[in-house]
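Reading through the structure tokens given below for one structure.
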Amino acid sequence: MTVLLGIVLGLALLAVILIGAAIRILREYERGVIFRLGRLIDQKGPGLIVLIPFIDRMVKIDLRTITLNIPPQEVITRDNVPARVNAVAYFRVVAANDAVVEIEDFLTATSEISQTTLRSVLGKADLDTLLSERERLNEDLQRIIDDQTEPWGIKVSIVEIKDVEIPQQMQRAMARQAEAERERRAKVINAEGEFQAAEKLSQAAEIISQNPATLQLRYLQTLGDIGVNHNSTVVFPLPLDLVKPLLGDLAGQTGGPGGPASTAPNALHRAGAADAPA
């Protein structure tokens, strides 16, 4: 009786071991690549998977997107500037059978091919291109890496350059270049402003020359602007044509040119005639 009980317990334990080895449960994002006696059979999952114990072997593959940090790479740009660049890549397994059969370790292989491609692509670009055209470089990196990993069942969706480190001397030189460029733009804008102001003044002079009375209106407007400050001294230009009639009337009231009173007006008249333009 004791021997029979031992045999039953042994068989029950063996059955439990066989059931545990035959049943697998895969999540929604997992797939199982089944090998039977070393030969690829099929891809199964998700859900409950039944295997033949000791005959079938299953390799589990995760189909979720994997974030791969590409280590910093020392790059020499096309214009011989050293730079230290790191990036990040996003990829996922789209063909589980190829990811197991075609490559030994697809994660390490993708990381290595990403590093070499990063050095190769950025080494063909200038420093200015590396700093200003990252979007185009990201697209080139993604396309090249994806073409190389496609036989392994890997789809590279995004490659982004995270950071570009350049030497301190180059940073100072770029700062001086940017400052000189801003000064050049400021001088050009100032010159354009002077040119536009001169052009407008020339047009205003042509309009004023057609009607001399407008010049007197400008004098009065200028006096109004100056009169705001009570401490200012106003020098008002008076045309000689307006002064001559007043001098003539003053000479007539004093009794003619022979009298003593006419001496000052005549002197003023001579002075005005002397100052008048020829």
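The values are calculated or read from the model by the stated rules, or taken from the named source; none is laboratory data. None of these values were measured; they are calculated from a predicted model. Glycine also receives a Cβ, built like all others from the backbone with ideal geometry; neighbour counts cover every protein chain displayed.
Applying the condition of being aliphatic (A, V, I, L, M) and closer than 19 Å to residue 156 by Cβ to region 131-142 and asking which residue is surrounded by the most Cβ atoms within 10 Å (Cβ to Cβ) yields 141. Checked against (1) more than 30 Å from residue 42 (Cα to Cα); (2) small (Gly, Ala, Ser); (3) buried (at least 17 other Cβ atoms within 10 Å of the Cβ), residue 96 passes all but condition (1). When the residues of region 115-130 are filtered to those that are closer than 13 Å to residue 140 by Cβ and hydroxyl-bearing (Ser, Thr, Tyr), which remaining residue is surrounded by the most Cβ atoms within 10 Å (Cβ to Cβ)? The selected residue is 117. No other residue among 107, 63 is at pLDDT 90 or above and either touching an Asp or Glu at 6+ places or on another chain (Cβ under 6 Å) or surrounded by fewer than 17 Cβ atoms within 10 Å (Cβ to Cβ) (or both) apart from 107.
Under the condition of being in contact with a Lys or Arg (Cβ under 6 Å, 6 or more places away or on another chain) and either in the same structural domain as residue 22 (by TED's automatic domain parsing) or farther than 20 Å from residue 119 by Cβ (or both), the residues counted in region 64-91 number 1. All of (1) in contact with an Asp or Glu (Cβ under 9 Å, 6 or more places away or on another chain); (2) within 30 Å of residue 168 (Cα to Cα) hold for residue 115 with one exception: (1). Here residue 169 fulfils each of the conditions (1) over 24 Å from the mean Cα position of the chain (by Cα); (2) free of Cβ contacts under 8 Å to residues at least 60 places away in the same chain apart from (1).
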